[in-house]
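See below for the structure under consideration.
Read-outs throughout are calculated quantities, based only on the coordinates presented, and are distinct from any laboratory measurement. The shown structure was predicted, so the numbers you read here are calculated from the model rather than taken from an experiment. Neighbour counts are summed over all protein chains in view; Cβ atoms, including those assigned to glycine, are modelled from backbone coordinates with ideal geometry.
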Amino acid sequence: MEKQIPVASRASNIEYAIRDVVVPAAILEEQGHQILKLNIGDPSAYPGLPTPQHMVDAYVHALQKGMNGYSPSYGLPELRKAIARDEVQKGWDAKDSDVYVCHGVTEALQIVFASILNQGDTVLAPGPHYPPYMAYPQMYGATTVEYKLKPDDGWKLDIDDIESKMNDSVRLLVLINPNNPCGSVAGAEEVNRVLAIAERWPNCIVVADEIYDGLDFTGEHVSIASLSSSVPVFVLNGVSKVFYAPGWRIGYLAIHDPTNRLIEVRDGIERLLRSRLCASTPAQYGYLAGLESDRSWMAAYSSKVVAQRNLCIERISSIEGIEVESSGGAFYMFVRLTDPKWADNDKKFVLELLHEEHVLFVHGSGFSPTLGKGHFRLVYLPEINVLNDAFDRVERFLLRHRSA
């Protein structure tokens, strides 16, 4: 073999567990096996949860009318205004100039990291967490430090652990609410305690990842920006989950700067956004239609998702070797492996289950090597008959290996 041209370490060290497990599943599919996929949080991948037709129609109309050129770098003005109105309804004084439309929340995160982080800086993020919070900061010489969630108390925030890990290097303090992968929801009391900690560190900004805010089944969710009178907050949200259009890749970053300390940061963010041109123009029109139209359709979608969540809780409680804290939001469960054979090797469990029973989950250690270990993430969006089939196979797998 010829000597290989070296790859940059920032690329070779990236891991994304949610997509990585798809690779062996795709090989099995090529061999003719049907895989029960409970691994990816893509509502459009499952029956019964289509993107609402009025949003699709607006997207198509934009294409038919030739509205597919470059938009302004910060987003269509009318979409920015609609997003700002939506955030005002959540309790804070958002203006359209505070809103920046991005290629999904993932690009918004990259813009935030690029604008804030320097060599030696720290991102304090929950463990377990969405993988980019660990993967991307290293590109800028920064480090992600995980604070604990409480696995035996509904995955609540460990406030003491957050406080113990705060220092001058922490530039971004992340709250994912509702949480991916655990499905937990932090209420006002928890959020206020975190804000009180952040307030003592003047160079720290709170990242409020609220992409699942419309999928709160507890009634406890509150906009983090709405509670902050002094701490700057980056609000992240978009069309992917609550509006069931993940492939459109439209998200946003909204800046809450109550004491006007982010003038230079905002300038940096805008420079980066201009340099990458814009988000998809026709998809922005589709999102605009979702924001400006009646949302009564959401109730039926949420009822369906809750029914599937309840089925999962019931089935898990009946299977020896797994247990779960009830999910309060999003559409995930973080299931604990209590079977001694698998408790210390969740990735092996996921891969062997895939190969033997053709059921696909994501290993918990992919969301945190230490704090996610011994778990797997389950997406409860498939139809109830598929969920039942998957749990039958999980139970069969556990029994077979227990008796082997």
**Request:** May I ask for the net charge around Ser240, where only other residues with Cβ less than 11 Å from the Cβ of Ser240 are counted and Lys, Arg are +1 while Asp, Glu are -1?
**Result:** +1
**Farthest toward positive dipole pole in the stretch 98-240 [+1 Lys/Arg, -1 Asp/Glu at C-beta], among Asn167, Val233, Ala125** = Asn167
**Complete:** Among Lys156/Lys348; Lys65/Lys95; Lys348/Lys373, the pairs whose Cα-Cα distance exceeds 23 Å are Lys156/Lys348; Lys65/Lys95
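Going by how many other beta carbons lie within 10 Å of each one, how would you line up Tyr301, Tyr59, fewest first?
On the way: Tyr301 19, Tyr59 23.
Lowest to highest Cβ neighbour count: Tyr301, Tyr59.
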**Request:** Work out from phi, with θ = phi - 60° and the Karplus expression 6.51 cos²θ - 1.76 cosθ + 1.60, the ³J(HN,Hα) of each residue of the stretch 178-190, listed in order in whole Hz, and give x for Gly and Pro.
**Result:** x, 7, 10, x, 8, x, 7, 10, 8, x, 4, 4, 4
**Item:** Gyration tensor over alpha-carbon atoms, the stretch 53-292, equivalent ellipsoid semi-axes in Å
**Value:** 29, 20, 16
**Message:** Quick check: the distance between the Cα centres of the stretch 67-110 and the stretch 268-295, to the nearest angstrom?
**Reply:** 6 Å
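Largest first and in whole Å, give the semi-axes of the chain's equivalent ellipsoid, each being the square root of 5 times a Cα gyration tensor eigenvalue.
Working: eigenvalues 222, 131, 99 Å².
After scaling each eigenvalue by five and taking roots: 33, 26, 22 Å.
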**Message:** With the cut-off at 1.5 for a/c, could you classify the stretch 86-214 from its C-alpha gyration tensor as rounded, prolate or oblate?
**Reply:** rounded
**Prompt:** In nanometres, what is the gap between the two model label sites at Val23 and Ser403, each 7 Å from Cα along Cα-to-Cβ?
**Reply:** 3.5 nm
**Message:** Restricting to bridges with both residues inside the chain, how much of the DSSP beta-bridge set is antiparallel, in percent to the nearest 5?
**Reply:** 55 percent
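Å³ per residue of the Cα convex hull, for the stretch 279-377?
On the way: hull volume 15.2 nm³, N = 99.
Cα-based convex hull of the stretch 279-377, divided per residue, equals 154 Å³.
Determine, from the Cβ-Cβ distance of Asn345 and Lys65 and an R0 of 56 Å, the FRET efficiency 1/(1 + (r/R0)^6), rounded to the nearest 0.05.
On the way: r = 55 Å, r/R0 = 0.97.
Here the calculated transfer efficiency is 0.55.
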**Asked** Net charge near Gly286, counting Lys/Arg +1 and Asp/Glu -1 over other residues with Cβ under 14 Å of its Cβ?
**Response** -1
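Find, among the chymotrypsin sites (Phe, Trp or Tyr not before Pro) in the stretch 95-148, those assigned to loop by DSSP (not H, G, I, E, B) with at most 14 other beta-carbon atoms within 10 angstrom. Write out the running numbers ahead of the final one.
Details: sites: Tyr100, Phe113, Tyr133, Tyr140, Tyr147; in loops: none.
Answer in residue order: no site qualifies.
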